[in-house]
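Single-structure report; data block below.
Computed from the coordinates by the stated procedures, all read-outs in this text should not be read as laboratory data. This one's a predicted model, so the numbers in the text were calculated from it and none came from an experiment. Don't worry about glycine lacking a Cβ; one is built from the backbone with ideal geometry, like all the others, and counts go over all protein chains shown.
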Amino acid sequence: MSTEKLHSSRYMSLFNDRILLPSGQKIEYARFELMDFASILPIKSDKIVMIRIYRYPANRLSLEIPSGYLEVGEAPKKCALRELEEETGYKAGKIQSMGWFHPWTRSTRKAHLFLAEDLTKGAQKTEDTEQIEVQLLSLKEAKQKLRTNKITHAPTIIILQKFLSMQK
């Protein structure tokens, strides 16, 4: 019925919509739109290449897999490979999709998930705002960090659970 844009920045827009539900009921609905992103699970010799990165809103270090926004017109796979190299310095010889999900019900944003293997080490190319330390974890260590809530980044939790469920 109508949409009012309340705020807009490079990464996010906030809207207040007045909509008609399928039932015929009229409601106001707050929604936000963010750029789609890709996350990539890099596996090297039975170890998971992860990053420890400072996250300002939570004011803490976060243990995650490499992730980043898709540039305008960029394919999710290309984004995942770019983020892998920028944040860890690794390049993937093999990459496969592990699906996608909607992180929030109030947005159409998609999170694309990838698995990277056959890694070769190069140099990190982090942005000035990124403070990243690369860490290699065994599958056992990753499982333990999941169980003890040491990994709180949703895309990392989802892809690790998917990957671990595929293991013997």
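Quick notes on this one:
- Any hit, region 32-40, residues being of a type in the set (S, T, N, Q) and under 24 Å from residue 123 (Cβ atoms): yes
- Residues satisfying the stated conditions in region 111-131, i.e. surrounded by 19 or more Cβ atoms within 10 Å (Cβ to Cβ) and either out of contact with any Pro (no Cβ under 8 Å at 6 or more places or on another chain) or not small (Gly, Ala, Ser) (or both): 112, 113, 114, 115, 119
- None of 73, 93, 99 is loosely packed, with under 15 Cβ neighbours inside 10 Å, farther than 17 Å from residue 127 by Cβ, of a type outside the set (D, E, K, R) and touching a His at 6+ places or on another chain (Cβ under 9 Å) except 99.
- Qualifying residues in region 21-70 (those that are acidic (Asp, Glu) and within 25 Å of residue 144 (Cα to Cα)) - the one surrounded by the fewest Cβ atoms within 10 Å (Cβ to Cβ): 46
- Selection within region 8-20 - under 31 Å from the mean Cα position of the chain (by Cα) and either surrounded by 11 or more Cβ atoms within 10 Å (Cβ to Cβ) or more than 20 Å from residue 72 (Cβ to Cβ) (or both): 8, 12, 13, 14, 15, 16, 17, 18, 19
- Within region 146-168, considering residues that are hydrophobic (A, V, I, L, M, F, W, C) and touching a helix residue (DSSP H, G or I) at 6+ places or on another chain (Cβ under 9 Å), the one surrounded by the fewest Cβ atoms within 10 Å (Cβ to Cβ): 164
- Leading residue by the ranking (surrounded by the most Cβ atoms within 10 Å (Cβ to Cβ)) among those in region 76-90 that are closer than 22 Å to residue 129 by Cα and among the basic types (Lys, Arg): 82
- Selection of region 132-145 for residues being within 18 Å of residue 60 (Cα to Cα) and crowded, with 16+ Cβ neighbours inside 10 Å yields 132, 134, 145.
- The criterion of being free of Cβ contacts under 8 Å to residues at least 24 places away in the same chain and in contact with an Asp or Glu (Cβ under 6 Å, 6 or more places away or on another chain) holds for residue 13.
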